[in-house]
Amino acid sequence: MSEERFEGVIGRTVAESTPWWPAVPRPRAGAPNVVIVVFDDVGFAHFRNYGSTIATPNLDRLAAGGVRFVNFHTTALCSPTRASMLTGRNHHAVGMRAISNFDTGFPNMRGAIPKSAATLAEVLRTAGYGTYMVGKWHLSPMHETGPAGPFHNWPLARGFDRFYGFLQGETDQFRPELVEDNHYIDPPATPEAGYHVTEDLVDHAIGFAHDHVSAAPDRPFFTYLAFGACHSPHQAPQAYLDKYRGAFDEGWDVVRARWFARQKELGIVPADTVLPPRNPGVKAWDALTDDERRFAARLMEAFAAFLEHTDHHLGRYIDALARLGQLDNTVFIAMSDNGASQEGGPVGVLDEMRYFNGLPEDVAAAVRRLDTIGGPDSHTNYPWGWAMAGNTPLKRYKQNTHAGGVRDPFILHWPAQVRGGGIRRQFHHVTDVAPTVLELLGMAFPESHNGVAQMPVHGTSMAYALAEDGAAAPSRKGAQYFEMFGHRAIWHDGWKAVCYHEPGADFDTEQWELYHADADASEAHDLAAQHPEKLRRMIELWWLEAGRNGVLPLDDRRGGELFKSAQFRGNTARRTRFTYYPPVSRQSADVAPPTGNRSFVISADLTLTGTAGAIVARGSANGGYVLFVADRHLVFDYNYFHTHTQVRSTRPLPAGPCTAGVRVDRVGRAGTATLVIDGQDCGSVEVRAMATMVSSTGMDVGRSIAPVCHDYAPPFVFEGELRSVTFEVAASRPPQARKEALAAERVTQGLQ
């Protein structure tokens, strides 16, 4: 029998005994709800109330009724910002140097938050709050995101009572990979029926609020609503796409100047702020070809449509809280996780996975598909020029430690306690969010949580700045370092030193810049030459803070090289055989067999009783492969960014049990796909181009929820008995061999 604490008296009978009940945690009377809304890859200027001309009326009303911070900073990347936001600690200290896809074998990059850094949800749940999470998580190691877990780093294990959303860094907005609590589910509708995941997420956020207020009206709640918007893919309903048709034809130079002027009018930046020159690699709009302009303008239209559509549904959630009588006493925060994304490259991408495969976009081919942009058959991201405009007036982008990567919008709305309409210019950082919330609730992070001693909190509460006279208060923030992929920066006492790092450059000799940030909001005037001693002290301070916060070792690996750096137990990249026994849940991209850069064989043990159905489908209409049956014939389709290579078996599948599959022999970026039935080859085709990173969408077995080609319609369930499906995957090459082979392939294909 467990020795549970009991403070009553136990006698021989009830009459001789005294009962006792442990105290039930209850927040103080009148304690507010907390809602934190996080947008993804939204730049400093993108909200209309921060300067843009994109319609965001619901964010505007939050700003009008709340306080806007215009000197708020993040980490430059999504997972690290979210980890810092939830824990109040710097991202390296909680093992999230970069996105949670990586585990480099060092404490600063494990892809999961340690138990010594309790999340805001864990603290609030212990205090009696209901805790709900909707949307993007991206704080679990990706090899743990399969349907079998393990689940100890999923939202429910990190303090949330309910979860509805997706675990990966992005998802298709029309055909998302959804998780409810601890299990995968299918989307409740199709894009043809009008489905979009943003509406679905808000429906669930509203549902959680209704359930909570109805069943526990005496308890406040915490909701973390993390939209997919505006991370790639930029997808929105057609009506929103139509609204922005032609809205950006003037180009990024004109739009950037217009947004900059609006920022001055709104007081987002001081009147004497200077607009820096274009970022390196960004051409003047007038220097683009006609096709490049048409393509870029349409990509920006999709982004704007995505943002306004999300704002509309955010408005539904705000209205729901108001109808429930909860809005006035809710600490409501809206923010972004980093600056606008540079992952669309110099001209933009119709299919984002081209960026992750190191492939330039073919603009001439892309403009022939302009009308697909923003819909289910596109996976777009805009070019650097539009990201630069989204970060107006700041330099560079997401992933960088210049202001364009780390300075973001932050709105706090709490009508019951905070007078609305103000702007705050104090320097603050995402580590300050959780301490601010807890101070507003009259709480603090505990020294121990669930028996685990807690690491120090690095954040500084912003609550002092919310007072009516808070605008004049000096910042209480101490030194704040930044680091991402070797890019570094340090802010202290109104000054900022920053270093843009080229991969492989010498960390000790590369050039740093120095800005008097309090007087130079756009980092336009580099004062390094005028103040060399100041710069030297700032660099020394960076190394001191790096040592204190677990930043070391510095690691500038990026892309595929970093993805392949993780060598942990259970990593699918180290397995060569995978067997699935349908029915099975969807396999996320990071636990599906690693078929992207090597040869593989798929073999299914089946009995076909009908005429059609999917055996395996990996990816989506934007890229991947599918093995299926049509008219009793075996078919393999390889979708290379909408270029389809297909082979159909020379004979039908037999009646009764059989084995059927495909053998893919890959050499470089090309290969051969051969269909096999009962051990006999029955059709072959040359696949002239194959992706290294196949898709961010996972894999279905025995069906195809996300169609890889348009020869069938979802869910395309296999008609018969599918007893097992086995993948045999060639062993991965050593990292250096992969690197040399990829370089040779790129030279051969004219990519260098």
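A few notes on this one:
- Residue match in the stretch 8-26 (condition: of a type in the set (S, T, N, Q), in contact (Cβ under 8 Å) with a residue 60 or more places away in the chain and open to solvent by less than 80 Å² (accessible area, probe 1.4 Å)): no
- The set of residues in the stretch 338-381 that are of a type in the set (Gly, Ala, Ser) and surrounded by fewer than 24 Cβ atoms within 10 Å (Cβ to Cβ) comprises Gly345, Gly358, Ala364, Ala365, Gly375.
- Filtered by the rule that a residue be open to solvent by 40 Å² or more (accessible area, probe 1.4 Å) and not aliphatic (A, V, I, L, M), the stretch 660-675 gives Arg663, Asp665, Thr672.
- Selection from the stretch 272-296 of residues that are in a helix (DSSP H, G or I) and farther than 28 Å from Val38 by Cβ: Trp285, Asp286, Ala287, Asp290, Asp291, Glu292, Arg293, Arg294, Phe295
- Of everything in the stretch 382-409 that is in a strand (DSSP E or B) and out of contact with any helix residue (DSSP H, G or I) (no Cβ under 7 Å at 6 or more places or on another chain), the residue that is least open to solvent (accessible area, probe 1.4 Å) is Asp408.
- Test: residue in the stretch 142-151 that is surrounded by 24 or more Cβ atoms within 10 Å (Cβ to Cβ) and touching a residue at least 60 places away in the same chain (Cβ under 8 Å): yes
- All positions within the stretch 100-156 that are aromatic (Phe, Trp, Tyr) and under 21 Å from Ala444 (Cα atoms): Tyr129, Tyr132
- Yes/no for Phe227 being open to solvent by less than 10 Å² (accessible area, probe 1.4 Å) and either out of contact with any Ser or Thr (no Cβ under 7 Å at 6 or more places or on another chain) or modelled with pLDDT under 95 (or both): no
- Selection from the stretch 619-668 of residues that are closer than 14 Å to Val685 by Cα and touching a His at 6+ places or on another chain (Cβ under 8 Å): Asp637, Tyr638, Arg648, Ser649
- Criterion: surrounded by fewer than 21 Cβ atoms within 10 Å (Cβ to Cβ) and either under 29 Å from the mean Cα position of the chain (by Cα) or within 28 Å of Ala271 (Cβ to Cβ) (or both) - qualifying residue of Gly459, Gly470: Gly470
- Failed condition for Gly111, given (1) at positive phi; (2) open to solvent by 10 Å² or more (accessible area, probe 1.4 Å): (2)
- Unique match (being modelled with pLDDT of 95 or more, open to solvent by 60 Å² or more (accessible area, probe 1.4 Å) and either under 29 Å from the mean Cα position of the chain (by Cα) or closer than 15 Å to Gly624 by Cα (or both)) among Pro715, Pro657: Pro715
- Residues being without any contact (Cβ under 8 Å) to a residue 40 or more places away in the chain, open to solvent by 40 Å² or more (accessible area, probe 1.4 Å), under 26 Å from Ile490 (Cβ atoms) and assigned to a helix (DSSP H, G or I) are represented in the stretch 431-441 by at least one member.
- Residue within the stretch 679-702 that is touching a strand residue (DSSP E or B) at 6+ places or on another chain (Cβ under 9 Å), of a type in the set (D, E, K, R) and open to solvent by less than 10 Å² (accessible area, probe 1.4 Å) present: yes
- Residues in the stretch 572-626 that are farther than 19 Å from Glu170 by Cα, in a loop (DSSP other than H, G, I, E, B), open to solvent by less than 20 Å² (accessible area, probe 1.4 Å) and polar (S, T, N, Q): Thr595 only.
- Test: residue in the stretch 128-136 that is surrounded by fewer than 21 Cβ atoms within 10 Å (Cβ to Cβ), among the hydrophobic types (A, V, I, L, M, F, W, C) and in contact (Cβ under 8 Å) with a residue 12 or more places away in the chain: no
- Residue count for the stretch 43-76, restricted to those that are open to solvent by less than 10 Å² (accessible area, probe 1.4 Å) and assigned to a loop (DSSP other than H, G, I, E, B): 13
- Criterion (out of contact with any Asp or Glu (no Cβ under 8 Å at 6 or more places or on another chain) and modelled with pLDDT under 95) met by exactly one of Ser704, Ser696, Ser732: Ser732
- Test result for Pro217, part of a loop (DSSP other than H, G, I, E, B), open to solvent by 10 Å² or more (accessible area, probe 1.4 Å) and closer than 28 Å to Val331 by Cα: yes
- Among the numbered conditions (1) modelled with pLDDT of 95 or more; (2) open to solvent by 60 Å² or more (accessible area, probe 1.4 Å), the only one that Arg569 does not meet is (1).
- Subset of the stretch 83-95 that is in a loop (DSSP other than H, G, I, E, B) and among the hydrophobic types (A, V, I, L, M, F, W, C) - its residue that is least open to solvent (accessible area, probe 1.4 Å): Val94
- When Ala713, Ala706 are screened for being part of a loop (DSSP other than H, G, I, E, B), touching a Ser or Thr at 6+ places or on another chain (Cβ under 7 Å) and of a type in the set (A, V, I, L, M, F, W, C), only Ala706 passes.
- Residue list for the stretch 238-263, restricted to those being surrounded by 14 or more Cβ atoms within 10 Å (Cβ to Cβ) and on the phi > 0 side of the Ramachandran plot: Gly251
The values are calculated or read from the model by the stated rules, or taken from the named source; none is laboratory data. Note that the coordinates shown come from a computational prediction; the quantities given were computed from them, not determined experimentally. We place every Cβ from the backbone using ideal geometry, glycine too, and count neighbours over all the protein chains shown. Note: areas computed on protein heavy atoms with side chains; ligands, DNA, RNA excluded. Shrake-Rupley method; radii C 1.70, N 1.55, O 1.52, S 1.80 Å.
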